[in-house]
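Structure first, then comments.
The values are calculated or read from the model by the stated rules, or taken from the named source; none is laboratory data. Computed from a predicted model, the values in this text were never measured in an experiment. Virtual Cβ from ideal backbone geometry, glycine too; neighbours counted across all protein chains shown.
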Amino acid sequence: MNIDIQAIQAKIERESAFVEKITAEVGKVIVGQNYMIERLLIGLLADGHILLEGVPGLAKTMTVKALSAAIKTQFQRIQFTPDLLPADIVGTMIYDQKNGSFSTKKGPIFSNLVLADEINRSPAKVQSALLEAMQERQVTIGDTTFPLPAPFLVLATQNPIEQEGTYPLPEAQVDRFMLKLSVGYPDRNEELEIMRRMTRVDLPQASAVVSPQEIINARRAVHEVYIDPKIENYIVDIVFATRKPKEYGLDELADLIAYGASPRASIYLSMASKAHAFLSRRGYVTPEDIRSIAMDVLRHRVIITYEAEAEEISAEDVVRKIINKVEVP
Amino acid sequence: MRIIRIAAAIAIFFSSLGISSLQAQGEDEGIRVSASAQPNEVPLNRTAVVTIRLEWAGDLDRYEITRFDNPLVENLNIIETASANQVQVVGGLQVARQEYQYTVKPDGLGMAYVDGIIIRYADRETGKEYRLASSRLELKVVDPLPEPGSYLWLVILLSILLSSLIAIYLVRRIRARRAEAERLARSQAASEVSLEQKYGERLREEIDLRQPDLDVNAAFGRLAGVLRRYLAAKYSLPLISATTSEVRGLMAEAGADERVIADTLAVLESADIAKFSGAAQMRSELERAYTILEGMLGTDTAPRGGAESAKRDD
């Protein structure tokens, strides 16, 4: 089978033109954090929700706001609190006394970009309402089902250090996020630039430079990125290694993994690697794309045992060993 | 005074009872003779002392010993003699004593005997002569005792033997180690030399460029596999599970030559396009990559294997 890679390449060149614009616009506000910005774009292009985890003050919320500002689209931020109700997110039916009938009041989830800030501060019923909408991409209020707008992307943040008074997301619900990002500190030069930029009187603002249609077109192009069967097998090998490590010569991991990654991992790894290749202006997926994105796709899908926790081995350590062991095609 | 006399009489009586079991009684009750040997059981290489004791009441010169022959011995040799006189007052009564000691040494294992001695003496007061005989003594001669220092030679011999064994062991161990080190060095040298040969051979087995209907894309995959395995073996790096850009970093960290890194990347990047883009690659591209890899293997073998290098150059 010969693929017209030239045609795919040309389309990708054309459709990925907005990437530089959006990156430049976000870069006006955000210093550094290239990893986070690239992953947010991957989520946007691969139609996968993203969970951002990092200590406070790392510009998680600001980055999402800057990204949404760079796209001519609707953006809603929901601050998750313990007293939040599902109706505060999805909407509710309001009784109209004039007409004597109920009218629908749509919630903030009816936006293209939804920032669920500190998602683990709300109880499980609120989280479930959001996560169900994320999965179904539709919301039922009363008797009517409303589809969510396209593109629809949920970016949730959570703080890893304060666990008191929080409601940790169950594994089944974390699995619905395509990527879980671990946001780190900026380096010294970036910190200097952040300090200078944020202490100015006129804070920089991102302008809308990309339309939702451009995003939708780019998504179509991402779907056309060629993924060779060798790469597909490589993805499956990595995912299977999380389930049956002994078959991949990783005997030492057998007692450290309680549950391996779900088939969603294979799906998301494939989609995210295509988006990564797209961002690299490449019409086909290489092992580089898989290796680059695998940690973010797998770190929240590999459940480690108590033994691993006792030995202070994290899910990331396990995923890293697997990635470093499975032979590239 | 009377009490002292009674006590002396009792002492002499008990004294005479004690000796009586050993002594041979003479014709005159005035002199008592006793014979004893110490020890009764004598090792062959040791001596025993035979003591003949004469004892009487009164002064030492009361009796005159007119005949006292050396004892007759069987399986023994008298090697020393000694005698002693003694006067003692026991319970106010004077007692005279003469002792004759013979140091004897056994001749052989078994029983040894000291025959009774005939003693003749005369009472100086009365002028009468008497005759006495001592009892016959038996000695058991047993195995000789080890002499002090008799094992010294054995200890010295064993020490020499042990030292010799240790020295032999050490020499053999040093030689074995040297031999093992030489063998390892030879083996290592052989494997270093053969690494390029091995992968050169594998390259020729995997890809036959003379085949007209060669699947170029698949051949690129095999070519990249040979290169990765060769470099992984050469630099001991995990290149099998590394992507092309990671290969660059790993090789640079391992101190690989820039030219080798450049050649490696040229081959792997071409192979990546062939393997993953789905587009059919040109045969000329494969031949170019093949030539680069062949050159890498040939260049590495050149310093050690001139013949093969020359053959390749041809």
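For residue B:239, are the conditions met, namely being surrounded by 13 or more Cβ atoms within 10 Å (Cβ to Cβ), more than 14 Å from chain A (Cβ to nearest Cβ) and modelled with pLDDT under 85?
The answer is no for residue B:239.
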Q: Return the pairs, sorted by first residue and then second, in which the second residue is assigned to a helix (DSSP H, G or I) and surrounded by fewer than 18 Cβ atoms within 10 Å (Cβ to Cβ), the first residue lies in the stretch A:1-30 and is within 14 Å of chain B (Cβ to nearest Cβ), the beta carbons are less than 6 Å apart, and the residues are 6+ apart or on different chains.
A: A:8/A:224
Q. Can you tell me which of B:283, B:210, B:304, B:312 is away from every other protein chain (no Cβ under 13 Å), at pLDDT below 85 and within 24 Å of residue A:8 (Cα to Cα)?
A. B:283
**Q.** Identity of the residue in the stretch B:213-230, of a type outside the set (A, V, I, L, M) and surrounded by fewer than 16 Cβ atoms within 10 Å (Cβ to Cβ), that ends up modelled with the highest pLDDT
**A.** B:229
Q. Here are A:242, A:199: which of them is polar (S, T, N, Q) and either over 26 Å from residue A:42 (Cα atoms) or free of Cβ contacts under 8 Å to residues at least 12 places away in the same chain (or both)?
A. A:199
Q: Confirm whether residue A:17 is at pLDDT 85 or above, small (Gly, Ala, Ser) and surrounded by fewer than 18 Cβ atoms within 10 Å (Cβ to Cβ).
A: no
Q) Which residue out of A:241, A:277 is buried (at least 22 other Cβ atoms within 10 Å of the Cβ), part of a helix (DSSP H, G or I), within 14 Å of chain B (Cβ to nearest Cβ) and touching a Lys or Arg at 6+ places or on another chain (Cβ under 8 Å)? A) A:241
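Conditions tested, residue by residue: (1) more than 14 Å from chain B (Cβ to nearest Cβ); (2) closer than 18 Å to residue B:244 by Cα.
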| residue | (1), (2) |
| --- | --- |
| A:259 | yes, no |
| A:272 | yes, no |
| A:285 | no, yes |
| A:321 | no, no |
| A:329 | no, yes |
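Condition (residue is among the hydrophobic types (A, V, I, L, M, F, W, C) and assigned to a helix (DSSP H, G or I)) applied to the stretch A:156-163: is it met by at least one residue?
The answer is no; no qualifying residue exists.
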Q: Just one of (1) within 14 Å of chain B (Cβ to nearest Cβ); (2) free of Cβ contacts under 8 Å to residues at least 40 places away in the same chain; (3) more than 19 Å from residue B:245 (Cβ to Cβ) trips up residue A:233, so point out which.
A: (2)
Q.
Within the stretch A:86-131, take every residue that is in contact with an Asp or Glu (Cβ under 8 Å, 6 or more places away or on another chain) and over 25 Å from residue A:66 (Cβ atoms) and give me the one that is surrounded by the most Cβ atoms within 10 Å (Cβ to Cβ).
A. A:126
Q. For the stretch B:56-119, list the strands (runs of 3 or more DSSP E) that sit wholly inside it and hold at least 2 residues that are loosely packed, with under 15 Cβ neighbours inside 10 Å and assigned by TED's automatic domain parsing to the domain that holds residue B:131; which are they?
A. B:63-68, B:76-90, B:110-114
Q: Answer yes or no as to whether residue A:289 is in a helix (DSSP H, G or I) and away from chain B (no Cβ under 13 Å).
A: no
Q. Can you tell which of A:133, A:116, A:150, A:129 is assigned to a strand (DSSP E or B) and among the small types (Gly, Ala, Ser)?
A. A:116
Q) Inside the stretch A:244-267, can you point out the residues that are out of contact with any Lys or Arg (no Cβ under 9 Å at 6 or more places or on another chain) and assigned to a helix (DSSP H, G or I)? A) A:246, A:247, A:251, A:263, A:266, A:267
Q: Restrict the check to the stretch A:299-317 and report whether at least one residue is at pLDDT 90 or above, in a helix (DSSP H, G or I) and either of a type in the set (Lys, Arg) or buried (at least 24 other Cβ atoms within 10 Å of the Cβ) (or both).
A: no
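Criterion first (at pLDDT 85 or above, in the same structural domain as residue A:150 (by TED's automatic domain parsing) and either within 23 Å of residue A:268 (Cβ to Cβ) or in contact with a helix residue (DSSP H, G or I) (Cβ under 8 Å, 6 or more places away or on another chain) (or both)) does residue A:24 satisfy it?
Details: at pLDDT 85 or above: yes; in the same structural domain as residue A:150 (by TED's automatic domain parsing): yes; either within 23 Å of residue A:268 (Cβ to Cβ) or in contact with a helix residue (DSSP H, G or I) (Cβ under 8 Å, 6 or more places away or on another chain) (or both): no.
So residue A:24 fails the test.
Given A:319, A:326, A:297, which one is touching a strand residue (DSSP E or B) at 6+ places or on another chain (Cβ under 7 Å), within 22 Å of residue A:230 (Cβ to Cβ) and in contact (Cβ under 8 Å) with a residue 12 or more places away in the chain?
Exactly one of A:319, A:326, A:297 is touching a strand residue (DSSP E or B) at 6+ places or on another chain (Cβ under 7 Å), within 22 Å of residue A:230 (Cβ to Cβ) and in contact (Cβ under 8 Å) with a residue 12 or more places away in the chain, namely A:297.
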